[in-house]
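Engineer: Provided herewith is a single structure, encoded as structure tokens, for subsequent inquiry.
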Amino acid sequence: ADAYYNRGNAKDDLKDYYGAIADFTKAIELDPDDASAYYNRGRCYIFIKEYDNAINDFSKCIRLNPDYENAYFARGIAKERSGKSYCNDYKKACNMGIEIACEFYYKKCK
């Protein structure tokens, strides 16, 4: 799982989002409890505008690790871009210390 995860990160760095998604998917198949793999695959889904897939991955990441503050912020971004309610995710990420989430929350939700 680690090899696929690492290769997925390398492909993500190269902006090969489809390749990264394939590798993160394989990493998840081998280790379905890896919250980071779901988070990183979700990020890649945002870049290719597959927001529902991104939301699902961030939600799974949060179920596996409720303290994964970046997942709340990223899920808020995916929800906002897909026209869904996003303020709760920005607020949660803000309360967990993500400063930019606070900016988004106060600008877009207050």
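The values are calculated or read from the model by the stated rules, or taken from the named source; none is laboratory data. Quick caveat: nothing in here was measured; it's all calculated off a predicted structure. Cβ atoms come from the backbone with ideal geometry, glycine included; neighbour counts cover every protein chain shown. Surface accessibility is based on the protein's heavy atoms, side chains included, excluding ligands, DNA and RNA. Shrake-Rupley method; radii C 1.70, N 1.55, O 1.52, S 1.80 Å.
Engineer: Are there any pairs, at least 6 apart or on different chains, whose C-beta atoms fall under 6 Å, with the first in the range 78-89 and within 15 Å of GLU103 (Cα to Cα) and the second assigned to a helix (DSSP H, G or I), and if so, which?
Structural biologist: Going by the 6 Å Cβ cut-off, the qualifying pairs are TYR86/GLY76; TYR86/LYS79; TYR86/GLU80; ASP89/TYR72; ASP89/ARG75; ASP89/GLY76.
Engineer: Tell me, please, whether a residue that is in contact (Cβ under 8 Å) with a residue 24 or more places away in the chain, of a type outside the set (Gly, Ala, Ser), closer than 20 Å to LYS108 by Cβ and assigned to a helix (DSSP H, G or I) can be found in the range 50-57.
Structural biologist: yes
Engineer: Do you know which residues across the range 74-104 are open to solvent by 30 Å² or more (accessible area, probe 1.4 Å), over 23 Å from THR25 (Cβ atoms) and in a helix (DSSP H, G or I)?
Structural biologist: GLU80, CYS87, ASN88, LYS91, LYS92, ASN95, GLU99, ILE100, GLU103, PHE104
Engineer: Residues of the range 53-70 being within 11 Å of the chain's Cα centre (by Cα) and either at positive phi or of a type in the set (D, E, K, R) (or both), which ones? Give the steps one after another, and end with the answer.
Structural biologist: Start the filter on the range 53-70 by keeping residues that are within 11 Å of the chain's Cα centre (by Cα), which leaves 53-62, 68-70.
Matches in the range 53-70: ASP57, LYS60, GLU69.
Engineer: Give the residues of the range 28-44 that are over 16 Å from TYR68 (Cβ atoms) and surrounded by 17 or more Cβ atoms within 10 Å (Cβ to Cβ), sorted by residue number.
Structural biologist: Within the range 28-44, CYS44 is the sole residue that qualifies.
Engineer: Let me ask something else. Condition first: more than 16 Å from the chain's Cα centre (by Cα), part of a helix (DSSP H, G or I) and under 18 Å from LYS49 (Cβ atoms). Now tell me which residues in the range 12-38 satisfy that.
Structural biologist: GLY19
Engineer: Of the conditions (1) in a helix (DSSP H, G or I); (2) open to solvent by 30 Å² or more (accessible area, probe 1.4 Å); (3) under 26 Å from ILE28 (Cα atoms), ASP67 clears all except one; give me its number.
Structural biologist: Unmet for ASP67, out of (1) in a helix (DSSP H, G or I); (2) open to solvent by 30 Å² or more (accessible area, probe 1.4 Å); (3) under 26 Å from ILE28 (Cα atoms): (1).
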